[in-house]
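Asks: This is the structure I want to talk about, given as structure tokens.
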Amino acid sequence: MHLATIGQTKVKLNWWFLLLLFVYLLLDIWEQAMGVFLVVIWHELWHVFVAKSYGLKVHEIELLPYGGVAKIDGLVGKEGNLEVKVALAGPLSNFFLAVIIAAGLHWGWFYHPLAYFMFMYNLLIGLFNLLPVLPLDGGRILRGYLANFWGVLSTTTWVARLGQGVALLMVALGGVGFYLGLFNFHLIIIALFLWRGAAAEREQAFYFHWRSLLGKKKQYLQEKIIQGVTLVARPDLMVKEVLPKLNPNKYNLIKVIDAQGIEQHTISEEQLFRYLTEGNYDTAISQIPKK
């Protein structure tokens, strides 16, 4: 549901989050409902603030029960661990707010039952989002670091699978809780969002990888010199098998070397992309024409 537009950024409220707020209202705990809403808004706005401070465009924010999802153009695969910085902003903002509230309660600056709820909810949102699984902030932090070594495609796939594993664990815990008479519907709702979010990350992994690779041509034209990396591959390796191995943060050269250790030829990144766009996914790299 479209909630507002701030600048060029659309703010959406997920229907399940809206349902959760409605349940809070039915239970006559509207103050907690407002508290949850404000904490989630606070969390996401800090992601947006940090992203924009680095010149990134934020298209949309979708508010979810555990935080939200900000669609930030060109964030994944950026050098300098930029995704790490943007992802950290949300949880750190929650911890900062929790400290302010705790200080206020301790020193008697204010007292209200909602203040303790806000303190606990900020802590929970901050800690939960630091779990190292996608689509949570902790997973984005982990991807930001590991993508430098494994590439965006492999890292995203692996960390998203962890997210789906945690979602299944939460469902199992919910089942045990139901059996023991301690059912918590929050756990099931969050598990559902975690599973769907992780699945979406896996679906977009190839797109993230491809986009980060293509962005290097613009960087090369601007800077005239960029760091490169050389990969060694056998002639019978398929073109589609090379793509996940490419480093999105460096220019890739593929040396084709046969079983006798003799170099046949060298393929540039641009040659490989041109061949891919022609639909030659299942062709051996030895078939790529020499330039």
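The values are calculated or read from the model by the stated rules, or taken from the named source; none is laboratory data. Since this is a predicted model, take the numbers as computed values, not measurements. No Cβ is skipped: glycine too gets one built from the backbone with ideal geometry, and neighbour counts run over all protein chains shown.
Asks: Yes or no: segment 84-103 includes at least one residue that is among the polar types (S, T, N, Q) and farther than 24 Å from residue 170 by Cα.
Replies: yes
Residue-wise test of (1) in contact with a His (Cβ under 9 Å, 6 or more places away or on another chain); (2) exposed (fewer than 14 other Cβ atoms within 10 Å of the Cβ); (3) modelled with pLDDT of 80 or more.
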residue: 195; (1), (2), (3): no, no, yes
residue: 198; (1), (2), (3): no, no, yes
residue: 202; (1), (2), (3): no, no, yes
residue: 211; (1), (2), (3): no, no, no
residue: 218; (1), (2), (3): no, yes, no
residue: 232; (1), (2), (3): no, yes, yes
residue: 247; (1), (2), (3): no, no, no
residue: 252; (1), (2), (3): no, no, yes
residue: 277; (1), (2), (3): no, yes, no
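Asks: Are any residues in segment 243-285 over 21 Å from residue 227 (Cα atoms), among the β-branched types (Val, Ile, Thr) and touching a strand residue (DSSP E or B) at 6+ places or on another chain (Cβ under 8 Å), and if so, which ones?
Replies: Result: 257, 283, 285.
Asks: Please enumerate the residues belonging to segment 146-188 that are over 26 Å from residue 205 (Cβ atoms), within 25 Å of the chain's Cα centre (by Cα) and of a type in the set (Val, Ile, Thr).
Replies: Scanning segment 146-188 gives a single hit, 188.
Asks: Note down all Cβ pairs under 6 Å where the first residue falls in segment 6-26 and is in a helix (DSSP H, G or I), the second is crowded, with 16+ Cβ neighbours inside 10 Å, and they're at least six residues apart or on different chains.
Replies: Pairs found: 17/63; 17/64; 17/65; 20/65; 21/33; 24/32; 24/33; 25/33.
Asks: For residue 99, indicate whether it is surrounded by fewer than 20 Cβ atoms within 10 Å (Cβ to Cβ) and more than 22 Å from residue 196 (Cα to Cα).
Replies: Judged against the criteria, residue 99 is a match.
Asks: To continue, here is another question. Can you confirm whether residue 79 is at pLDDT below 80 and either part of a helix (DSSP H, G or I) or under 22 Å from the mean Cα position of the chain (by Cα) (or both)?
Replies: In short, yes.
Asks: From the list 45, 38, 3, 56, exactly one residue is out of contact with any Phe, Trp or Tyr (no Cβ under 9 Å at 6 or more places or on another chain), of a type outside the set (Asp, Glu) and modelled with pLDDT under 80. Which is it?
Replies: The unique qualifying residue is 3.
Asks: Collect the residues in segment 227-262 that are within 14 Å of residue 151 (Cα to Cα) and not in a strand (DSSP E or B), keeping them in residue-number order.
Replies: 241, 242, 243, 244, 245, 246, 247, 248, 249, 250
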